[in-house]
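To start, the structure itself, in structure tokens.
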Amino acid sequence: MPHQYQLFERSEVAESIPLLTRVYLDELSPLANLSLVLGMVRLVVEDEDTAVSEVWQLIQQAQRSLADEAFKEKVVGLIETIVVYKLQELTRRYLWDLK
């Protein structure tokens, strides 16, 4: 670990609770068990076949778990943007047609 981050590796609390934790995206649990944010991050590293199917799970999770409509629209838009950039041959319209 780079020395700049070693300060955050262990806290000075009695039980040495780590303040910084490494997360390997390819080792995360299935999407159904992840928070919305981690699911969005994982979507970036998913292969193309898996990404198309998982995007709908994430959109449904966002629609269920977020109460603020304006924020919900932004999150769904970000999920769509991730997939459109990942699968550059798809357009947003085609993505919604796949649903």
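Key figures
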quantity: Under-5 Å amide H pairs with LEU28, H placed in peptide plane, nonlocal only; calculated: none
quantity: Length released on extending from THR50 to LYS74, taking residue separation times 0.36 nm less the Cα-Cα span; calculated: 6.4 nm
quantity: Under-5 Å amide H pairs with LEU87, H placed in peptide plane, nonlocal only; calculated: none
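Each reported figure results from applying straightforward, stated rules to the coordinates on display, with no laboratory input. Just so it is clear, the structure is predicted and the values come from calculations on it, not from any experiment.
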